[in-house]
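Report on the structure given below.
The values are calculated or read from the model by the stated rules, or taken from the named source; none is laboratory data. Remember, it's a predicted structure, so these values are computed and weren't measured experimentally. Here the Cβ is made from the backbone with ideal geometry for all residues, glycine too, and neighbour counts use every protein chain on show. Only protein heavy atoms, including side chains, enter the accessible area calculation; ligands, DNA and RNA are left aside. Shrake-Rupley method; radii C 1.70, N 1.55, O 1.52, S 1.80 Å.
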Amino acid sequence: MGYWSSKNQISMKQNLFFPLFSGLVIFIEYLVIPVTGDSHLTPFNPIENITINCGSSTNGQARDGRPWTGEGYGKFSPIIDQQNKSSVSSTAPQPLPPDVNDVPFSTARLSHSEFTYSIPLTAGPKLVRFHFYPTSYQGFDDPSSTKAFFSVKAGHYTLLGNFSALLHAQGQPTLTKEFCLNVDETKRLNLTFTPSPDILDSYAFINGIEIVSMPLDLYYNSPANGTGGNFLGNDTALEKLYRVNVGGRQITGVEDTGMFRYWENDDVYLTIPESVIPVNTSIDLNFSKIPSYSAPSAVYKTARSMSTYKNTNENYYFTWEFPVGLGFKHFLRLHFCEFQVEITAKGDRVFMISLDYQTVETEADVIAWSGGRGIPVYRDYMVTIRAKGNLINQQNLSIALYTAPESKTMYSDTILNGIEIFKISDDSLNLAGPNPDPIPIEDMRPPIGESVAINCLAAEGSKRPAMSEVVCGLELSLQLQEINEVNPSDESHVNDSTVNDYHVLFTSGSGSMNVGR
């Protein structure tokens, strides 16, 4: 593998143009894509499709029509020590913001002590999702959630450590964390929430839990190109970081292939937003290379590509950047499908792929991989992010596509349909990393009400905050800063899931990059 250095990414805006060909239409708006004539379909109906509305004694239904079961039904009730009088179910302040779903976010399970959900399951791989709404709950009057730091374990796996839902939400009102793991032959998964012992009066909370069975070969034993099983053993856990429909619209969980995965669009991750967005809603997809449950058909009917101007394409890199944490290996899956009428044979569109500034494909040819137009495929890679600059918490993982030499391709162009990025558990079955840095207060969207800063600057005659609210806001900033500061010389934190843990790993050399196929 070699570093790409002969070309430099051009940050200037490109004036891209793509002519309209028969069967190819360019849309800036995203369309709902009907799936009618696709072949080799492999329907997936999960054995388990469990949704737990934590803190609720009754069943409910989310806006998307999906039912949720209240934890008051004995099968999903949490296990709480009889001595633990601090574990309660509580209701979020009403009314909820318009973009916050009543189910499961209007109720929560909160506790100053450890509690566990013990869920009977069949053996095999599962998707596990946790839903959080960091706000003030009755009996836990902490509107800034500075005390809500806790860990979450799933069986032998540590999924979250010294975790703050508020910090991870990065200004959004709610947060969902998704994991993949295998349930062993005991056929029971214990999900244990433990308040951080290092913070006085800390507490743990959870609003909703999902557990959905997934196919045996979706991620762990991928048939696509023989790489998945090479570095994802059955004892490996994954944390989903990003799942992206490149060039297309958002795809909701109920539109997924039976596993309720959410696919976001890629706009915010592009370093150069100008591109061509080819769409072909009429093509019948042929899932002869990968199972049809790998991704929704909509992912394979939209994409991003460059222009038809060879000289323009050869002068810049088509790049996406995703913030990820240091100290872990990452599993990447890139989805491809050729559907443009001009691309019909091997060698028509050949390009190169770089991950974290290292070339992993020198002759990427989707037709050669798939065998023809309209046949979806994906390629799997493993990357260990190396530190760049002085940052020790996060780095950007770059995915760059660029044209192959003219002698190797008919068209100097690239294409990509979808991206999935996962963090891989380490040798101690740990996925817990440090919390993100607090975002600037002026950019933070508070859980409820208007922000103190906005109220302070409100026009005369508007409602202004009490001085206690202003002091609370300043105290929050100081507490969050103190919580996230770690002295690199303090060896007592070497085994903690803190910033210093990753500083030690980096300085010892394990932050170096490793790309595998």
>> Would you work out the Kirkwood radius for the stretch 49-213? I mean one over the mean of 1/r across all pairs of different Cα atoms, in Å.
In response: 15.9
> Treating the beta-carbon of each Lys and Arg as +1 and of each Asp and Glu as -1, no other charges, what is the dipole magnitude of the stretch 82-163 about its Cα centre, to the nearest 20 debye?
Replying inline: 320
> What does the accessible area per residue of the stretch 241-358 come to in Å², with a 1.4 Å probe and no ligands, DNA or RNA counted?
Replying inline: 27
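Return the Rg/Rh value of the stretch 244-354, two decimal places, where both radii are evaluated on C-alpha atoms and Rh is the Kirkwood radius.
Checking Rg against Rh, the ratio lands at 0.96.
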> Just the Cα atoms of the stretch 167-295: what Rg and Dmax do they give in Å?
Replying inline: 18.6, 60
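Please tell me which of these pairs span more than 32 angstrom C-alpha to C-alpha: Lys75/Lys289; Lys126/Lys147; Lys126/Lys289; Lys147/Lys240? Walk me through the intermediate numbers first.
Details: Lys75/Lys289 40 Å; Lys126/Lys147 30 Å; Lys126/Lys289 23 Å; Lys147/Lys240 26 Å.
Too far apart for the 32 Å limit: Lys75/Lys289.
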>> For Leu160, what residues show an amide H to amide H distance below 5 Å, using hydrogens built from the backbone and excluding near sequence neighbours?
In response: Val152
> Considering the stretch 237-424, what Rg and Dmax in Å follow from its alpha-carbon atoms?
Replying inline: 16.0, 49
